[in-house]
Amino acid sequence: MHSIPPTIAPEAIACIAEGREPTSAELERVARRIHSELTGAQPAFAWGESGSDSSVDLVSRRLAEATLRGSRT
């Protein structure tokens, strides 16, 4: 069996393979991952912190949903 490339979220593989909707925990994990990739070296605890760029938070959440739900949205 092939290993999952580190650039692909395992949650995306699970949702696609199982043909199911993502859980809220999966959406949150993928959104945090996207957020950290968009913001670079910012610490993980900055997620959702007041003063952080809320537009990046929103984009991260929307991208996570599109990633995990695919064409079902």
Only listed residue being out of contact with any Pro (no Cβ under 9 Å at 6 or more places or on another chain), open to solvent by 70 Å² or more (accessible area, probe 1.4 Å) and modelled with pLDDT of 85 or more, chosen from R32, R20: R32
Identity of the residue in the range 35-72, within 22 Å of T7 (Cβ to Cβ) and part of a loop (DSSP other than H, G, I, E, B), that ends up modelled with the highest pLDDT: G40
Qualifying residues in the range 3-17 (those that are closer than 10 Å to T67 by Cβ and either of a type in the set (F, W, Y) or within 11 Å of the chain's Cα centre (by Cα) (or both)) - the one surrounded by the fewest Cβ atoms within 10 Å (Cβ to Cβ): I8
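The values are calculated or read from the model by the stated rules, or taken from the named source; none is laboratory data. These numbers come from a predicted model, not from an experiment. As a convention, Cβ positions derive from the backbone with ideal geometry for all residues, glycine included, and neighbour counts pool all protein chains shown. Calculation scope for accessible area: heavy atoms of the full protein, side chains included, ligands and nucleic acids excluded. Shrake-Rupley method; radii C 1.70, N 1.55, O 1.52, S 1.80 Å.
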